[in-house]
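Report on one structure; see the data block that follows.
What follows is calculated from the coordinates using simple rules that are stated; it is not laboratory data. Computed from a predicted structure; not experimentally measured. Glycine gets a Cβ as well: all are built from the backbone with ideal geometry, and neighbour counts include every protein chain shown.
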2 protein chains.
Amino acid sequence: MKKSKTTIRDIAGALSVTSSTVSRALNNHPAISDDTKQLVTAMARQMNYKPNRLAAALRSGKSMNIGVIVPMVERSIFAAIIRGIEEVVAQSGYGIIMCQTYDELRYEKRAFDTLFRSQVDGVIASATRSSGNIELYKSVIEEDIPLILFDRSIDELGVSSVVVDDFKGGYEATRHLIEQGCRKIVHFAGDLDIKIYQERLKGYKAALAEEGIKFEAHRVINCPSDIERGRKAAEQIILDNDIPDAIFSSSDFAALGALQVLKSKFKIPEDIAIVGFANEPFTSFVEPAMTTVNQHGRDMGRLAAKAFLDCVANRKGYVPRQIVLQPELIVRASSKKLN
Amino acid sequence: MKKSKTTIRDIAGALSVTSSTVSRALNNHPAISDDTKQLVTAMARQMNYKPNRLAAALRSGKSMNIGVIVPMVERSIFAAIIRGIEEVVAQSGYGIIMCQTYDELRYEKRAFDTLFRSQVDGVIASATRSSGNIELYKSVIEEDIPLILFDRSIDELGVSSVVVDDFKGGYEATRHLIEQGCRKIVHFAGDLDIKIYQERLKGYKAALAEEGIKFEAHRVINCPSDIERGRKAAEQIILDNDIPDAIFSSSDFAALGALQVLKSKFKIPEDIAIVGFANEPFTSFVEPAMTTVNQHGRDMGRLAAKAFLDCVANRKGYVPRQIVLQPELIVRASSKKLN
DNA sequence: CTGAAAGCGCTAACAT
DNA sequence: ATGTTAGCGCTTTCAG
């Protein structure tokens, strides 16, 4: 039953043609007669032929695989992005090698190692903290393989990227809070080594400034994207005497943690309004439903993938472009003061 | 700057040895002197050498990539499994090519295509609906590449698998409900083409039978794993006159949908208790917190990966084994009647 | 329209 | 401990 796998040479033998012909027929080369193509594909099926992409890749220099690097697939934004990427690249015959960094440099390094050794035709990645890893990305560029960044980009690299306007997201979230009458707005800042979190913070500051509300450094609390850390931060707030009237969190997870602890002692949103960031599915069904910022993950994935395809299509004349998606504030009960 | 990539031959040239020596040195072959290894690795780094896995794979017949097929990465159980797999196989130098089926045969087919063509050294997969795709899995076996199934296995295949005892999960969930005093227990059944959902249903029936509660077919409602479908099902229940005192849902998502609509009209859990399945993160923070069944995703992934490694280690003498994990009922507020 | 020939970069007997 | 040799399965000029 189990004989050595059929190769194009076997097919060629069975048909008394050469492997070149078979190869061309299989790849739908224009200079092959329809008759031959018919014969070859029929025989291929009959012999249960499975092309060996590795060999093709080695010879042609194209692996038809692209690497996708995300912090972690559990985050719905990244799952959505992967789906978006997959949708478009699959149509061009590409497979995806997915790597997760868990936001740690050593995993990020390993990811690049895996991808290089697999000879991927391109890398679509979201960078981790923006220090220490630039060399990694530069090495991709030096190897001359297309690199597209999404969500968290690295400007110095000058490659194509698809990001959401985090500044605007932070700005609108904060502005919305101010419009609800909030004045003492706490910001849960993410890792400020990462640009997107810097931007969200800047947006927050800009909105305050615009409304003439003085920025107070002690209202910015370092709080990673994690429910438990959100709880801790909220507990700290309660201990302090200076209770805010709103929280704008740079992540839905931290916002949720805060919501959980605060709602036992305060009315949400009347006493304290809460806004998160990322539009994780759970935001729509926690109580009260949480206001958040939608980042259009699937679109981001699709656009990144298209950028990659573009880049491959005109290898030489490709000009990188920065695509900036508009975030969308989704207002829900957690921030609607009815005054 | 950008010259053609360095190969082992280049290194060999620079060192006046042969490429075999370089190859062996790089692979830490025992029969190479430490001096030479030192020299070679130093030169490799200096010349910025990046091994071409494709070539190695073509020659050695091992791609050092394994394929992982899941329905969709958004489901936290699958994200957890992937993480478990990755943890284990990465240590042995394997990369992961991830494919999603979205529970549709055509995507499942495409996944296998991608994996075959990439010459993966193994496939770790969760099957979709258990009809129509068996041929796909058989073809993997015929190609003689290790296949491990998880979560949703296919018994006829006789390969190693790691699953959770869905029967027991269904049984315990239902039993718990009965212990709370519930008698009219509705079951939201998943796609009964898929074995895990059949098992959960059987467990439900078994628990009823054990307690002498008559099984009533109309209490089994077809309801896929989807919030919206759960809402619809709950709305239908309200329209009917025969209000149940509990719902055991085969998925957390459907359970959540039901919870959302029911809690406006009924007291949960006093009037209607609710139990889900899968321990999605959101179950712990919806209100009331939802009782559910934990499937130990990360462990499942780890075990599946270990099975794969085992299988590779003793290719000939490998005996497939079925690993069955014990589900864990996590009791939360949505099902605790305080009578 | 098809054939012949030459590898892609690496590994693995078999030598020495 | 290292060198020689022969490909893995496919693509791709260059001929005809």
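Highest mobility in the GNM of chain B, judged by mean-square fluctuation with C-alpha springs under 10 Å and restricted to B:D35, B:D226, B:D144, is found for B:D35. The distance linking segment B:248-287 with segment B:304-327 is 36 Å (Cα centroid to Cα centroid, whole angstrom).
What order, most packed first, do the peptides A:247-254, B:161-168 have when packing is the mean number of other Cβ atoms within 10 Å of each residue? Each step should come with its number before you reach the end.
Values: A:247-254: 29.8, B:161-168: 22.9.
Ranking the peptides A:247-254, B:161-168 by packing returns A:247-254, B:161-168.
Summary of the geometry: segment B:32-73 and segment A:78-114, compared by the centres of their Cα atoms, lie 20 Å apart. Could you give the angle, 0 to 90 degrees to the nearest 10, between helix B:195-210's Cα long axis and the longest principal axis of the Cα atoms of chain B? The two axes meet at around 40 degrees. In a fully extended conformation the segment linking A:E87 and A:L192 would gain 34.6 nm over its present Cα-Cα distance, using 0.36 nm per residue.
Per-peptide packing, taken as the mean over residues of other Cβ atoms within 10 Å, places A:114-120, B:150-156 in the sequence A:114-120, B:150-156 from highest down. For chain B, calculate the relative contact order in percent as a whole number, restricting contacts to Cα pairs under 8 Å that are 6 or more residues apart. 17 percent.
What's the average, rounded to a whole number, of partner chain beta-carbon atoms within 10 Å of each residue's beta-carbon in A:111-119? Walk me through the numbers on the way to the answer.
On the way: counts 2, 1, 5, 8, 2, 4, 11, 10, 8.
For this peptide, the per-residue mean of nearby foreign Cβ atoms is 6.
Antiparallel beta bridges, as assigned by DSSP with both residues in segment A:166-295, represent about 0 percent of the total such bridges.
With kT/(6 pi eta Rh) evaluated at 37 °C and eta = 0.692 mPa s, and Rh the Kirkwood radius from Cα pairs, segment B:8-51 diffuses with a coefficient of 331 µm²/s according to Stokes-Einstein. Build a GNM of chain B with springs between Cα atoms under 10 Å: which of B:V261, B:V312, B:V17 gets the top mean-square fluctuation? Highest fluctuation among the options: B:V17. If you take every residue apart from B:P244 with its C-beta less than 12 Å away from the C-beta of B:P244, what net charge results, scoring Lys and Arg +1 and Asp and Glu -1? Neighbour charge sum, excluding B:P244 itself: -2. Can you give me the angle between helix B:297-313 and the longest principal axis of chain B, using Cα atoms only, in degrees from 0 to 90, rounded to the nearest 10? Once rounded, one gets 40 degrees. Simple spin-label estimate for B:E235 and A:A31 gives 6.3 nm between the two label positions (7 Å along the Cα-to-Cβ direction from each Cα). Report, in degrees rounded to the nearest 10, the 0 to 90 angle that the Cα long axis of helix B:76-90 makes with the longest principal axis of chain B. Result, in degrees: 20.
So, counting K/R as plus one and D/E as minus one, what does the shell of residues with Cβ under 12 Å around B:P30 add up to? Each step should come with its number before you reach the end.
Numbers: positive: B:R24, B:K37; negative: B:D34.
So the environment of B:P30 carries a net charge of +1.
Sum -39500 (n - 2.57) across every DSSP H segment of at least 4 residues in the protein assembly as shown, then divide by the residue count to get the 222 nm mean residue ellipticity, nearest 500. So the calculated ellipticity at 222 nm is -13500 deg cm²/dmol. Taking square-rooted eigenvalues a ≥ b ≥ c of the alpha carbon gyration tensor, is segment A:166-295 rounded, prolate or oblate, where a/c under 1.5 means rounded and, failing that, a/b exceeding b/c means prolate? Rounded, since a/c falls under 1.5. Placing a label point 7 Å from Cα along the Cα-to-Cβ axis, A:G93 is separated from the same position in the other copies by 3.0 nm, shortest listed first. Give me the net charge for the shell around A:Q180: Cβ to Cβ below 14 angstrom, other residues only, Lys and Arg +1, Asp and Glu -1. Net charge around A:Q180: +1. With label points set 7 Å from Cα along Cα→Cβ, the inter-copy distances at A:Q236 are 5.0 nm, sorted shortest first.
For the modelled label position 7 Å from the Cα of B:T41 along Cα-to-Cβ, which residues of segment A:71-114 have backbone nitrogen atoms closer than 20 Å? Counting only backbone N, you get A:106-107, A:109-114. An ellipsoid equivalent to chain A, defined through the eigenvalues of its Cα gyration tensor, has semi-axes of 51, 19, 17 Å when rounded to whole angstrom and sorted largest first.
Over the protein assembly as shown, the hull volume per residue, using the convex hull of the C-alpha atoms, is 196 Å³. Out of B:H296, B:H187, B:H218, any idea which swings most in a Gaussian network model of chain B, alpha carbons joined below 10 Å? It is B:H218.
Indicate, rounded to the nearest 5 percent, the antiparallel portion of the DSSP beta bridges found entirely in chain B.
Numbers: 3 of 34 bridges.
Within chain B, antiparallel bridges account for around 10 percent of the total.
Taken residue by residue and averaged, Cβ atoms of other chains lying within 10 Å of the Cβ of B:43-53 number 3.
Put in line by how crowded their Cβ is, counting other Cβ atoms within 10 Å and starting with the fewest, A:Y107, B:Y137 read A:Y107, B:Y137.
Counting only other chain Cβ atoms within 10 Å of each residue's Cβ, the peptide B:90-97 averages 4.
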